[in-house]
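K.L.:
Sending over a structure as structure tokens; questions will come in a sec.
Read the figures in this text as sums done on the coordinates, not as results from a lab. No experiment lies behind these values; they were computed from the predicted model shown. Quick reminder, even Gly has a Cβ in these numbers, built from the backbone with ideal geometry, and neighbours come from all protein chains shown.
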Amino acid sequence: MRSAVSAAHRAPIAPRLLTWYQTSGREHLPWRRNITPFRVWVSETMLQQTRVETVVPYFERFMAAFSSLEALAGATEDQVLHLWTGLGYYSRARNLHRAAGELVAAGVRELPHSLDGLMALPGIGRSTAGAILSIACGVRAPILDGNAKRVLARYHAIPGWPGRSATARALWSAAEQETPENRFDEYTQAMMDLGAAVCVRGNPRCADCPIAVDCAAHQSGQADQFPAPRPRRVVPQVEVHWAVIRDARGAVLLEQRPQPGIWGGLWTFPQAASSDALQDALGATQGELRQLGRFSHLLTHRRLDIHVHRLCLADENSLARLDGQMGGRWYDPLSPPAVGLPAAMRRVLDQLQPRD
């Protein structure tokens with residue numbers, strides 16, 4: 001594809017982007033205040049595949065609970081996942097917790113200040129490491145988050161889906177080329193802000209863009225075609241069957257999901273792949289399992305068809321037997337413990353009626 005502005009004469013992004021950032025940057029974001037490697041790490045992890053407005057309250061609650069690497073390492077996984085409930089992609093939270101534990105166990109009280117050192121930790125890829133280094137450690141390092149990919153793909157008219165190796169290499173080359181030698185901390189944040197507020201996925205605001213005059217995609221009238229979309233794929237559907245088991249107080253019985261797997265480490269109702277398998281797992285008799293409802297829940301790589309059942313037990317002895325058999329915990333919706341719950345669980349708990 002031929003660009004209206006040749007690559008040889010396309011001006012560097014940084015000077016104009018930094019000028020724009022002085023008046024249009026999102027300085028109000030909580031992770032832009034009191035910048036530390038730890039705060040940048042947490043914010044960048046939360047922002048992966050998640051919108052800024054969703055992340056802000058989660059970040060503030062997380063920082064209030066775990067203000068340092070040591071505090072995070074000293075928490076239980078349940079405490080960490082509880083504060084992540086509803087944010088999704090729970091492996092991010094588990095990786096944060098695991099990495100903090102590894103560092104503190106090794107006698108380290110802060111994140112490494114090198115690309116290799118950061119990328120050796122669970123859950124930290126090259127772009128997240130680059131953000132930590134450039135924003136908080138005074139080390140020049142390029143980033144390539146979703147916003148940067150979009151800006152660079154359009155500015156340089158880089159074809160292909162960014163998930164393909166050749167396209168990713170071209171984008172990383174552009175990211176390295178455009179990152180300035182000075183003020184790279186501001187440049188990194190400006191790149192994120194431009195992609196989030198102006199160079200957006202649908203209907204980019206090219207008229208408000210400080211680099212549009214040299215943007216190859218804009219000049220060719222094809223900004224909406226970069227970057228190329230992910231190839232279409234079939235999303236598999238998976239059946240999930242849950243059993244709502246209540247005691248006399250109205251508390252519900254939960255079990256912790258195994259790792260790895262869907263919702264690994266989180267707490268759900270007792271679960272199986274079919275109603276028959278659920279009945280067998282619970283040792284229920286015919287008629288004790290009654291369906292309450294059904295709904296669809298979309299995850300990244302699959303769609304869940306969730307069936308919610310009520311287990312109607314005949315007596316307290318049956319309940320005691322089941323409690324010992326499941327090895328779970330009782331969850332009182334009126335006084336909930338600090339445990340991690342999937343968003344789908346929260347949805348059901350919020351809709352449960354006392355008689356259910």
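K.L.:
Could you work out how far helix 165-178 tilts from the main Cα principal axis of the chain, as a 0 to 90 degree angle to the nearest 10?
P.N.:
Taking the Cα atoms of the chain, the angle to 165-178 is about 50 degrees.
K.L.:
How big is the dipole moment of the chain about its Cα centre under a simple scheme where the beta carbon of each Lys and Arg is +1, that of each Asp and Glu is -1, and everything else is neutral? Debye, nearest 20, please.
P.N.:
1060
K.L.:
Neighbour counts of other C-beta atoms within 10 Å: give me ASP350, ASP224 arranged from fewest to most.
P.N.:
ASP350, ASP224
K.L.:
Continuing with this model, one more query. Cα axis of helix 316-326 to longest principal axis of the chain: angle in degrees, 0 to 90, nearest 10?
P.N.:
Tilt relative to the chain: about 40 degrees.
K.L.:
Something else: Suppose every Lys and Arg Cβ carries +1 and every Asp and Glu Cβ carries -1, with no other charges. What dipole size does region 237-351 come out with about its Cα centre, to the nearest 20 debye?
P.N.:
That gives a dipole near 400 debye.
K.L.:
For q values of 0.07, 0.14 Å⁻¹, compute log₁₀ I(q)/I(0) with the Debye formula on a Cα-only model of the chain, without solvent.
P.N.:
Reported log10 I(q)/I(0), two decimals: -0.40, -1.13.
K.L.:
Give me the angle, in degrees from 0 to 90, between the Cα long axis of helix 52-65 and the longest principal axis of the Cα atoms of the chain, rounded to the nearest 10.
P.N.:
Between helix and principal axis, roughly 70 degrees.
K.L.:
Let me ask something else about it. Using 1/(1 + (r/R0)^6) with R0 = 30 angstrom and r between the beta carbons of LEU334 and ASP276, what's the FRET efficiency to the nearest 0.05?
P.N.:
0.35
K.L.:
So, one more: So for the pair ALA105, ARG33, with labels modelled 7 Å out along Cα→Cβ, what separation do we get in nm?
P.N.:
Here the modelled spin labels are 3.6 nm apart.
K.L.:
At ASP208 and ASP247, where each label point lies 7 Å from the Cα along Cα→Cβ, what is the point-to-point distance in nanometres?
P.N.:
Result: 5.4 nm between the two label points.
K.L.:
Pick out, in residue order, every one of the trypsin sites (Lys or Arg not before Pro) in region 227-263 that is DSSP loop and has at most 12 other C-beta atoms within 10 Å; say none if there are none.
P.N.:
Qualifying residues, ordered by number: ARG232, ARG233, ARG249.
K.L.:
What FRET efficiency, computed as 1/(1 + (r/R0)^6) with R0 = 25 Å and r the Cβ-Cβ distance, is obtained for ASP224 and SER91, rounded to the nearest 0.05?
P.N.:
The pair ASP224/SER91 has a calculated efficiency of 0.20.
K.L.:
Would you order ILE132, ILE262, ILE13 from fewest to most other beta-carbon atoms within 10 Å of each residue's own beta-carbon?
P.N.:
The most exposed by this proxy come first: ILE262, ILE13, ILE132.
K.L.:
Please order THR54, THR36 by the number of other Cβ within 10 Å, starting at the fewest.
P.N.:
THR54, THR36
K.L.:
Would you kindly state how much longer the chain becomes between LEU299 and SER165 on full extension, computed as 0.36 nm times their sequence separation minus their alpha carbon distance, in nm to one decimal?
P.N.:
45.8 nm
K.L.:
If you take the beta carbon distance between GLU181 and LEU349 as r and set R0 to 35 Å, what does 1/(1 + (r/R0)^6) give as a FRET efficiency, to the nearest 0.05?
P.N.:
After rounding to 0.05, the efficiency reads 0.10.
K.L.:
Of LEU69, GLY328, SER114, which is farthest along the charge dipole of the chain in the positive direction, counting Lys and Arg as +1 and Asp and Glu as -1 at C-beta?
P.N.:
Selected residue: SER114.
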